[in-house]
Amino acid sequence: MGLIQLSLVFVAASVALAQQPLYAQCGGVGWTGGSTCASGSVCTALNDYYSQCLPGTAPLPPSTTAPAPGPSPTSFPDGLPFLGGVNMAGYDFSVATDGSFNGTGVNPPTGQFSHFASQGVNIFRIRLAWQLMTPTLGGTISSTFFSRYDATVQTALNSATKPYVILDLHNYARWNGAIISQGGPTDAQYTSLWSQIASRYKDNPKIIFGIMNEPHDLQSVSTWANSVQLVVNAIRSAGAISQYILLPGSSWSSAQALPTEAGPLLVKVTDPAGGTDKLIFDVHKYLDSDNSGTHPDCTTSNVDVFRTLATFLKANGNRRAILSETGGGNTQSCIDNVKTQLAFIKENYPTFAGFTMWSAGAFDTTYVLTLTPKADGTDQPLWVQAVKPNLP
């Protein structure tokens, strides 16, 4: 065999080795791996940050021009009802805002699920520490912790209203102080967690994947948007194709910041399961003077913020958002403002899919934003006067 023939064989072999398998990544901003797909699949640009080997012919790239604002649809094809509920704290206790963790978690009281469901709650957000679910970064799910966590999830799912349950990873886009794909955990380690969780819950359409709580102080919002896309892909690849996925933005998942910061990037995140109806933006907004959720009094109803957000969502394909964290003290200023805020959210369904209040669960009744029922079984004033009138 001549030198030229040997070279051709070498080149052909190299190309074959570089081929990416079906559904693997094959391109995007920052991608350094193979860009050739296995036979029967084509490297398809899903957005600026992610191309994937998909069967058939690559679709045209998504338009970068947003459609003109239009009216809010009266309903979405999937029939998702208006969601109203509460956060159930405990498994996230001692997770710091730098993503570090040094606790064991506290099981939310099981009786609260039936208590709230009896009043019409149809969604619970059950938070957890990443370090509890996979004690080793990138490792396998802890069977010990999962048995605890899943028991709580099943209790919630079996409540009278057959509610939806958000599985909320409460680590602020970090592990022990370092940001995902920005000096901290790799995207592969992050997606490994969600691939495992999705595999366990893929048969239950009432599960909602809250892929990260409150990313903040990111070095690169575009890098974070890419990490979000990879998690969406991993969840779908694990077989969980019927579940909703919540897309968190930057600046503590700020509802106010979404239209100008992460929103223009996150609207480009695509769903391998098809369409975008099952991708819902995850936003937070408090009502105290510094938007921290640490004061008993409220100074705003946030209506202007949510009106601006609604305009952004409608202008970008009639997308949806859920207010998965908001809250106030048991004071008259918060009762008035929270009630106005939640009424606006409810009036603007389905652009806003609903809300989950902060917070009940393992919080005691002295916590400044507590919604934990009192010892005699009665509810906090904020719940009775502001939240309950706006439940589904």
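The values are calculated or read from the model by the stated rules, or taken from the named source; none is laboratory data. All values reported here derive from a predicted model rather than from experimental measurement. Ideal geometry is used to build each Cβ from the backbone, glycine not excepted, and the neighbour counts take in all protein chains shown. Areas reflect the complete protein model, heavy atoms only, side chains present, ligands, DNA and RNA absent. Shrake-Rupley method; radii C 1.70, N 1.55, O 1.52, S 1.80 Å.
One table, with the values for the structure above:
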{"quantity": "Distant-in-sequence amide H partners of GLN380 (H built 1.01 Å from N, under 5 Å)", "calculated": "LYS374"}
{"quantity": "Calculated FRET efficiency for the pair ASP217/THR144, C-beta based, R₀ 30 Å, to 0.05", "calculated": "0.40"}
{"quantity": "Extension gain, ASN176 back to LYS374 (0.36 nm per residue minus Cα-Cα distance, nm)", "calculated": "67.8 nm"}
{"quantity": "At 1.567 mPa s and 4 °C, Stokes D of region 255-378 from Kirkwood alpha-carbon radius, µm² per second", "calculated": "84 µm²/s"}
{"quantity": "Calculated FRET efficiency for the pair GLU261/SER114, C-beta based, R₀ 25 Å, to 0.05", "calculated": "0.05"}
{"quantity": "Cα centroid of region 175-207 to Cα centroid of region 313-392, whole Å", "calculated": "28 Å"}
{"quantity": "Accessible carbon and sulfur surface of region 304-374 relative to its total accessible area, %, 1.4 Å", "calculated": "49 percent"}
{"quantity": "Modelled FRET efficiency - R0 41 Å, ALA96 with ASP304, Cβ distances, 0.05 increments", "calculated": "0.85"}
{"quantity": "Which listed pairs, of LYS162/LYS388; LYS202/LYS314; LYS206/LYS388; LYS285/LYS314; LYS278/LYS346; LYS202/LYS339, have C-alpha distances above 28 Å, in listed order", "calculated": "LYS202/LYS314; LYS202/LYS339"}
{"quantity": "Potential lengthening between ASP290 and THR366 on full extension [0.36 nm per residue; Cα-Cα distance subtracted]", "calculated": "25.2 nm"}
